[in-house]
Structures are given as structure tokens and as C-alpha cells.
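Following: one structure in C-alpha cells, then a few remarks.
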Amino acid sequence: MNKLSLPASSKMLSSDFTYGVATASFQIEGGIGTRLPCIWDTFCATPNKVADGSNGEIACDHFNLWKDDIELIDSLGVDAYRLSLSWPRVMHETGELNREGVNYYLNILNALKAKKIKAFVTLYHWDLPQHLEDAGGWLNRDTAYKFADYADKISQAIGDKVHSFATLNEPFCSAYLGYEIGVHAPGLVGKQYGRKAAHHLLLGHGLAMEKLNKNCPHSLNGIVLNFTPCYSATDKPEDISATQFADDYFNQWYIKPIFNKAYPDILNQLQKENQPNILDGDMDIISHPIDFLGINFYTRAIYKADEKEGFVQLDPPAPRTDIGWEIYPQAFSGLLTSLNEKYDLPPIYITENGAAMADKLVNGEVNDQDRVDYYQKHLTEVHNSIEAGVKVDGYFAWSLMDNFEWAEGYLKRFGIVHVDYDTQQRTIKASGHAYKQLISNR
Ligand code: FCB
């Protein structure tokens with residue numbers, strides 16, 4: 001069945017539950033000639049970093065096609081659109097706003113407003129201006145202050161058109177993938193980098209929150225974190241405690257400082273040179289209250305103890321999506337209820353959830369039954385967590401359309417709309433039609 005459904009009594013069928021689609025600037029825009037270079041331009045130009053050797057020069061050409069894309073978003077009947085701003089497009093190297101770049105987003109925001117589509121704007125979805133990376137990037141504490149300054153200026157310029165601001169998208173990915181294992185830009189490798197970058201990202205978040213709350217007290221201001229729940233391979237105590245360590249290292253590291261003003265205790269088990277540089281007052285800044293928590297969920301991970309590394313992740317079992325991530329929807333409600341127990345949370349928005357599938361465009365149609373199935377199971381888990389008492393106010397499908405999937409280039413398709421990269425033709429997939437129908441049936 002190519003349909004999505006929820007129990008008739010579900011809170012997710014009430015009109016105050018928000019449904020949306022999500023994208024990110026570098027993944028869709030192109031239009032690189034009119035902005036500063038960013039770390040992903042540099043990373044893409046480095047041999048063997050991106051699977052298909054591609055880059056963000058054209059991507060979905062949303063820089064030119066944004067009007068049509070907003071019509072497309074509107075045709076899906078969604079309440080909201082989550083987009084990110086390209087920092088290197090809206091700020092000059094001098095630290096002044098780039099008016100041309102700001103106008104590009106103002107046009108988009110005005111068009112959304114005219115269609116009564118709420119704009120959920122992320123300020124940082126990984127495209128750090130290259131000149132800031134050249135000055136040390138997120139390893140340099142000053143980048144946090146540069147980010148807050150950007151947040152201050154841009155929120156004054158566009159704030160009245162924005163329903164919700166998120167400071168960062170997935171600081172785990174920026175810090176760990178970018179500065180510790182080097183599979184994302186800027187591609188640094190070293191345990192001495194990851195936690196330092198993470199701390200400066202979180203500091204930047206807290207500093208930016210102060211600016212957002214000052215300039216835009218009426219928008220929903222918060223942060224988007226990703227979680228990959230950690231499961232122990234066995235019941236052996238050593239595997240269980242290795243798994244707990246992994247959870248603290250990958251997941252709790254980013255949420256605990258925000259709500260509990262502290263890093264997980266494993267901080268003290270890290271070698272001195274691998275610890276962040278925490279200055280007096282930092283944890284107060286990081287724990288600035290937020291209006292909402294954005295949660296991105298795709299999969300879980302299974303761990304066991306390892307003598308050398310402490311823990312090691314097992315290969316994900318089947319069923320898996322086309323990117324190799326296990327499909328394990330139960331972990332979604334498990335995650336939401338456990339976070340709800342651990343922390344005093346504001347309303348939650350699921351800011352990303354979706355699947356890469358090996359889609360085929362046949363006679364102008366993509367019959368992605370596998371993706372519909374993924375959405376059905378995951379929406380049901382969100383419903384279950386709401387029934388269990390978790391306050392979830394919205395859900396965004398990742399992604400509106402196929403796009404540049406970071407280190408995988410254009411090889412992995414996450415869209416509910418298919419993109420033909422030769423013609424830039426968009427085709428709504430069966431999952432897109434099903435999502436539209438779920439929304440319109442409310
Ligand atoms: C998330 C990213 C998003 C997209 C999905 C598949 O980690 O936030 O940009 O790449 O994964």
C-alpha cells in the first residue's frame with residue numbers, strides 16, 4: 001500500500017501538529033559564484049573525499065529554481081519548510097552582512113509567508129566560511145563568537161519572517177565527523193580535536209541563543225541534535241558498559257550540557273589532551289534555555305567492548321537502507337521516551353527523519369514503496385512516543401528532494417521528490433504523494 005496512516009485518535013492528526021520537509025543550503029543551492037567559499041567546497045575539491053568526486057557547484061540549482069521549488073513545497077500541502085542559511089552567502093569576510101545574499105533569503109521567506117508556510121531556519125548546517133577555517137575553524141574559540149555575531153546580524157535582518165530559528169544542525173557531525181575522524185569537512189583526524197570542536201560549537205550555540213532571544217523573542221529558538229541510540233551486542237557487563245560509554249560519547253555529549261550544564265562524566269576518563277578547553281562561565285552560556293529541541297533520527301548502532309578502543313561498533317544488521325543504515329524504528333520511540341525521562345525538555349520537533357533508497361524513475365514515476373514503509377513505521381513510533389507522554393509538536397521529512405549527500409555525493413537519494421541532475425526535473429515520488437495525502441487527510 002502506497003499510503004501513510006495513523007490511528008484516528010492520534011495527536012499527529014490534529015491541525016496544531018506541524019508537518020514539514022527539510023533541506024540544507026549546501027546540499028541544494030549551487031550558486032557558488034555569489035558567495036564566499038566554504039569548507040565543503042574545499043573538501044569536495046580534495047581527491048577521494050566524496051564518493052563520486054562531485055561537489056556543490058550546481059547541486060539542485062535551487063539558487064535559480066527556488067521559486068519553482070516553493071511551488072513544489074506548497075503542492076505537498078506541508079505546514080512548514082526547514083531550510084538552512086549559507087553563512088558564506090549572507091556574510092562578507094569583513095563581518096558585515098552581504099545584502100545580496102540576505103535578499104536571496106528574504107525573497108524565499110516572503111514567498112513562504114505568502115503561502116502561509118512556516119519557515120524553520122537553521123543558521124549552521126555545516127558550511128563554515130573557509131576563511132574562518134583558515135583561522136582554525138571550530139578549534140578556534142573565536143569562531144563561536146563569529147557565529148554569534150552572524151546570528152545577531154542575520155536575525156535582525158530576517159527575524160520577522162521566521163517562525164523558528166535553530167542555531168546548529170547536528171554539532172556531533174561537525175565535531176566528530178569533521179574534526180575527529182575526518183570523513184566530513186574540514187577533514188581533520190585526531191582525538192585531540194573532536195571534543196574541542198564540539199565545545200566551541202556548543203559555546204557558539206549558547207552565545208547565538210542570547211542574540212536570537214534578544215532580537216526575536218517571538219520565534220521558537222533552539223538547536224537540532226542527531227541521535228543514534230546505542231545498543232549492546234550482548235548482556236555481558238563489559239559490552240553494556242562499553243555501549244554506555246559510546247552513548248555518552250556520541251549522543252549525551254551534545255544534549256547534557258544544554259539541559260544539565262555538564263558534560264557526561266566520561267569527560268574525566270578522556271586523556272587530558274583530548275578534553276575540551278572549558279572556561280569559567282561556558283557551561284552557563286551553553287545551557288541557555290531553549291524554546292524547542294530539534295531531533296534528527298535515522299538509525300541505531302550496536303556496540304561491544306574492545307580492549308584497544310574501549311568500544312567498537314558492529315556492522316549494522318539487515319534490513320538496511322541504501323546508505324547501509326539499519327532500519328530499526330523501535331529505537332525511535334525508545335530514544336524519545338528515554339530523553340524525556342532523562343531531561344526536562346521543551347517541546348520536541350522531529351527535524352529530520354527519512355531514508356536513502358535505490359530509487360528508479362520508470363515512465364516518469366518513482367514507486368518507492370520501501371521509503372513509504374520506512375515513513376509509516378517511523379511516524380508510528382513518533383505517535384507511540386506521544387501516547388507515552390512525550391511532547392512532540394512537529395515532524396519534518398528528510399528530504400524535500402534528492403540532493404548532495406555529503407561524503408556520498410549524489411549517489412544516495414533521500415528525497416520524497418526525485419531530482420534528475422541532468423535536467424533539474426523534479427518528480428514527486430510515491431512517498432511524496434503519500435506524505436501529502438497524510439497531511440491533507442487531517
Ligand atoms: C543528516 C544531515 C542531513 C542529511 C541526512 C541524511 O545527518 O543533517 O544533512 O545528510 O543526515
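The values are calculated or read from the model by the stated rules, or taken from the named source; none is laboratory data. Since the model is a prediction, treat every value here as computed from it, not as a measurement. All Cβ positions, even for glycine, are placed from backbone atoms using ideal geometry, and neighbour counts span all protein chains on display.
Say whether the condition of being away from the ligand (no atom under 16 Å from the Cβ), farther than 21 Å from residue 349 by Cα and not aromatic (Phe, Trp, Tyr) is met by at least one residue in the range 172-181. No, the conditions are met nowhere in the range 172-181. Quick check on the range 326-341: of everything there that is free of Cβ contacts under 8 Å to residues at least 60 places away in the same chain and under 20 Å from residue 171 (Cα atoms), which residue is farthest from the ligand (Cβ to nearest atom)? Looking at the filtered set, the residue picked out is 336. Within the range 20-37, the set of residues being within 14 Å of the ligand (Cβ to nearest atom) and touching a helix residue (DSSP H, G or I) at 6+ places or on another chain (Cβ under 8 Å) comprises 21, 23, 25, 26, 27, 28, 29.
For the range 368-387, the candidate set comprises residues that are among the β-branched types (Val, Ile, Thr) and buried (at least 22 other Cβ atoms within 10 Å of the Cβ); within that set, the residue that is nearest to residue 19 (Cα to Cα) is 382.
Applying a threshold of 8 Å to beta carbon distances and a minimum spacing of six or more residues, or different chains, the list of pairs starting in the range 58-83 at a residue that is of a type in the set (Gly, Ala, Ser) and surrounded by fewer than 17 Cβ atoms within 10 Å (Cβ to Cβ) and ending at one that is modelled with pLDDT of 95 or more and part of a helix (DSSP H, G or I) reads 75/436; 77/436; 77/439; 77/440.
Restricting attention to the range 229-256, the residues that are touching a Lys or Arg at 6+ places or on another chain (Cβ under 6 Å) and farther than 30 Å from residue 282 by Cβ add up to 3.
Looking at the range 208-309, what strands (runs of 3 or more DSSP E) fall wholly within it and have at least 2 residues that are more than 16 Å from the ligand (Cβ to nearest atom) and in contact (Cβ under 8 Å) with a residue 40 or more places away in the chain? Even if it seems obvious, please write down each step before you answer.
Numbers: elements: 220-227, 230-232, 292-297, 301-306.
Those strands (runs of 3 or more DSSP E) span 220-227, 230-232, 301-306.
Okay, residues lined up against (1) away from the ligand (no atom under 16 Å from the Cβ); (2) not polar (S, T, N, Q):
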{"site": "5", "(1), (2)": "yes, no"}
{"site": "42", "(1), (2)": "yes, no"}
{"site": "52", "(1), (2)": "no, yes"}
{"site": "61", "(1), (2)": "yes, yes"}
{"site": "65", "(1), (2)": "yes, yes"}
{"site": "93", "(1), (2)": "yes, yes"}
{"site": "98", "(1), (2)": "yes, no"}
{"site": "106", "(1), (2)": "yes, yes"}
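Yes/no matrix, rows are residues, columns are (1) assigned to a helix (DSSP H, G or I); (2) in contact with a Phe, Trp or Tyr (Cβ under 7 Å, 6 or more places away or on another chain):
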| site | (1), (2) |
| --- | --- |
| 26 | yes, yes |
| 68 | yes, no |
| 72 | yes, no |
| 77 | no, no |
| 83 | no, no |
| 93 | no, no |
| 101 | yes, no |
| 105 | yes, no |
| 109 | yes, no |
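Condition (residue is within 21 Å of the chain's Cα centre (by Cα) and either on the phi > 0 side of the Ramachandran plot or of a type outside the set (Lys, Arg) (or both)) applied to the range 1-12: is it met by at least one residue? Looking through the range 1-12, none of the residues is within 21 Å of the chain's Cα centre (by Cα) and either on the phi > 0 side of the Ramachandran plot or of a type outside the set (Lys, Arg) (or both).
Might you check whether a residue that is over 30 Å from residue 53 (Cβ atoms) and within 16 Å of the ligand (Cβ to nearest atom) occurs anywhere in the range 370-379?
Pass one, the range 370-379, residues over 30 Å from residue 53 (Cβ atoms): 372-373, 375-379.
In the following step, the residues that additionally are within 16 Å of the ligand (Cβ to nearest atom) were identified as 375, 378.
Looking for residues that are over 30 Å from residue 53 (Cβ atoms) and within 16 Å of the ligand (Cβ to nearest atom), one finds at least one in the range 370-379, hence yes.
Of all residues in the range 396-442, those satisfying the criterion of being assigned to a loop (DSSP other than H, G, I, E, B) and more than 20 Å from the chain's Cα centre (by Cα) are 421, 422, 423, 424, 429, 441, 442.
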